[in-house]
1. Taking the residues in segment 11-33 that are surrounded by fewer than 12 Cβ atoms within 10 Å (Cβ to Cβ) and among the polar types (S, T, N, Q) as candidates, determine which candidate is farthest from the chain's Cα centre (by Cα).
2. Residues in segment 3-21: is at least one part of a helix (DSSP H, G or I) and free of Cβ contacts under 8 Å to residues at least 40 places away in the same chain?
3. If I filter segment 34-76 down to residues being open to solvent by 80 Å² or more (accessible area, probe 1.4 Å) and of a type in the set (Asp, Glu), which single residue comes out as nearest to Glu7 (Cα to Cα)?
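The values are calculated or read from the model by the stated rules, or taken from the named source; none is laboratory data. These numbers were taken from a predicted model, which means no experiment stands behind them. Here the Cβ is made from the backbone with ideal geometry for all residues, glycine too, and neighbour counts use every protein chain on show. The accessibility values were calculated without ligands, DNA or RNA, using every heavy atom of the protein model including side chains. Shrake-Rupley method; radii C 1.70, N 1.55, O 1.52, S 1.80 Å.
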Amino acid sequence: PSLLSAEKAMVCFGNMFIELPKAKTQDMLQQDQEELDKEINNLRKELRVKVNRLYEAQGKPELKGFNLNPMSAEEMKLINRILEG
């Protein structure tokens, strides 16, 4: 077996490994992560609606603080900068 060059990476697709350029591999992984982040955010939004419907059906008041959104990376940087002084 040959050693991978510095510009190549082994990527597993199903049950086989393919040697691809590292830049292409990094782009593919970044796109996959972005798609996963979108899917996670959509599921979170749907969950909020479903929980509110459940509470409404049970005659309970709406859950407080459940509609909060996480801070972005930029917002976190600003908060950390403020806390550091």
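1. Asn15
2. Residues of segment 3-21 that are part of a helix (DSSP H, G or I), as a first pass: none.
The answer is no; no qualifying residue exists.
3. Only one residue fits best here, namely Glu34.
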